[in-house]
Amino acid sequence: MTGKDTGSHPRHELAPLLTSPVRLSVVAALAPLDKAEFSFVRDLVEVSDSALSKQVAALEEAGWVAVEKGRVERRPRTWLILTAEGRTVYRRHLNALRAISGT
């Protein structure tokens, strides 16, 4: 918890950045994987390249997603990786949602 949100209600454990359905979906897609190709996540989350790029940039700025660029054969590829901090924040966010919903 940080700032003014020092109460005991589980909502204080929610990560504001993950209240976006697309960002939450991206993090959820990456959580069970070591890394995933950008195009795989794009198709799974059902967004455009530009929409995914924008959301990944926000997650990368927060330190929750790392972007790795490389090549497969001669084709450029971009992989997305959920960082250790991103995994921790995601677990905390899910636990807060469960606590709020009573499940």
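Coordinate-derived values only; no laboratory data. This one's a predicted model, so the numbers in the text were calculated from it and none came from an experiment. Virtual Cβ from ideal backbone geometry, glycine too; neighbours counted across all protein chains shown.
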In order through segment 28-45: 3J(HN,Hα) via Karplus (6.51 cos²θ - 1.76 cosθ + 1.60), integer Hz, x for Gly, Pro = 4, 5, 7, 3, x, 10, 6, 6, 9, 5, 3, 5, 4, 5, 4, 5, 5, 7
note = Given a Förster distance of 25 Å, the FRET efficiency implied by the Cβ-Cβ spacing of V22 and T83, rounded to the nearest 0.05, works out to 0.85
query = Most mobile of P16, P32, P76 per a Gaussian network model of the chain (Cα springs, under 10 Å)?
reply = P76
query = So, counting K/R as plus one and D/E as minus one, what does the shell of residues with Cβ under 13 Å around A57 add up to?
reply = -1
ask   = Where the only charges are on Cβ atoms (+1 Lys, Arg; -1 Asp, Glu), what is the dipole of segment 14-101 about its Cα centre, to the nearest 20 debye?
value = 100
